[in-house]
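Below are the structure tokens for one structure; questions will follow.
The values are calculated or read from the model by the stated rules, or taken from the named source; none is laboratory data. Source: prediction; values computed, not measured. In this analysis, Cβ positions are derived from the backbone assuming ideal geometry, glycine residues included, and neighbour counts consider all displayed protein chains.
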């Protein structure tokens, strides 16, 4: 856990630019970047955790780096504590801290109501968020607003570019205040990093047909890492 040697590249062409993958969390254990130690965060959960619907908390979280570019994906990690009744259920916050700021991030748990809390966006501060949406509840209203950075027009960090893979019409209606601000509401999203990892672009591909065409191109974004 926390090592960059568990997942390694098979080709050597990018070695000079520092390609690496770090496992931030798995099975309820989270790497602490400050102490370089692995901490168990879910000991307080019932032993038969999967039977109680907590399996999402045991998701694997990864951080990819190439040059100055970085990419975060946390699977189905969640942050909901049931209004503070069960603080141990917020594993998303320590995982976000383990990652630190990133260029692109995948929304935890499809951007559902129990994920993508304040620490997720405040800590990752991604330039672009990708929401693997497919259900009427993906994403929640607060989650969409939070990822867009639209809480306050004077937000010093500015707004973020947000891409939804499949935003259902009912969800778009529910989120009608913010859905128009999405860069895409459907399609595959491809992140292509420039050689050396100084910049990247995002492409939206038509997912309704086999070998779909590019229907949107965004960037280049300058990496800040």
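Of the residues that make up the stretch 112-122, is at least one at pLDDT 95 or above and touching a strand residue (DSSP E or B) at 6+ places or on another chain (Cβ under 6 Å)?
No, the stretch 112-122 contains no residue that is at pLDDT 95 or above and touching a strand residue (DSSP E or B) at 6+ places or on another chain (Cβ under 6 Å).
Which number in (1) at pLDDT 90 or above; (2) assigned to a loop (DSSP other than H, G, I, E, B); (3) out of contact with any helix residue (DSSP H, G or I) (no Cβ under 8 Å at 6 or more places or on another chain) marks the one condition that residue 21 misses?
Residue 21 satisfies every listed condition except (2).
Next up: For residue 225, state whether it is surrounded by fewer than 18 Cβ atoms within 10 Å (Cβ to Cβ) and either on the phi > 0 side of the Ramachandran plot or touching a strand residue (DSSP E or B) at 6+ places or on another chain (Cβ under 8 Å) (or both).
Yes: the conditions hold for residue 225.
If I filter the stretch 185-195 down to residues being in a loop (DSSP other than H, G, I, E, B) and at pLDDT 95 or above, which single residue comes out as farthest from residue 129 (Cα to Cα)?
194
Here is a yes/no grid of residues against (1) at pLDDT below 95; (2) out of contact with any strand residue (DSSP E or B) (no Cβ under 9 Å at 6 or more places or on another chain); (3) not in a loop (DSSP other than H, G, I, E, B):
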residue: 38; (1), (2), (3): yes, no, yes
residue: 43; (1), (2), (3): yes, yes, no
residue: 71; (1), (2), (3): no, no, yes
residue: 81; (1), (2), (3): yes, yes, no
residue: 85; (1), (2), (3): yes, yes, no
residue: 105; (1), (2), (3): no, no, yes
residue: 110; (1), (2), (3): no, no, yes
residue: 129; (1), (2), (3): no, no, yes
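Related question: Scan the stretch 195-215 residue by residue and report those that are surrounded by 15 or more Cβ atoms within 10 Å (Cβ to Cβ), under 26 Å from residue 65 (Cβ atoms) and touching a strand residue (DSSP E or B) at 6+ places or on another chain (Cβ under 6 Å).
Matches in the stretch 195-215: 197, 199, 200, 202, 203, 204, 205.
Right, next: Look through 181, 169 and report the one residue that is out of contact with any strand residue (DSSP E or B) (no Cβ under 7 Å at 6 or more places or on another chain) and crowded, with 16+ Cβ neighbours inside 10 Å.
When all the criteria are applied, what remains is 181.
State all residues of the stretch 196-208 that are outside any strand (DSSP E or B) and closer than 20 Å to residue 132 by Cβ; if no residue qualifies, say none.
206, 207, 208
Inspect the stretch 166-184 for any residue being part of a strand (DSSP E or B) and under 13 Å from the mean Cα position of the chain (by Cα) and give the result as yes or no.
Within the stretch 166-184, not a single residue is part of a strand (DSSP E or B) and under 13 Å from the mean Cα position of the chain (by Cα).
If we scan the stretch 67-75, do we find a residue that is under 30 Å from residue 196 (Cα atoms), surrounded by 23 or more Cβ atoms within 10 Å (Cβ to Cβ) and over 10 Å from the mean Cα position of the chain (by Cα)?
yes
Any chance you could count how many residues in the stretch 209-225 are over 18 Å from residue 149 (Cα atoms), part of a loop (DSSP other than H, G, I, E, B) and in contact (Cβ under 8 Å) with a residue 12 or more places away in the chain?
Qualifying residue count for the region: 3.
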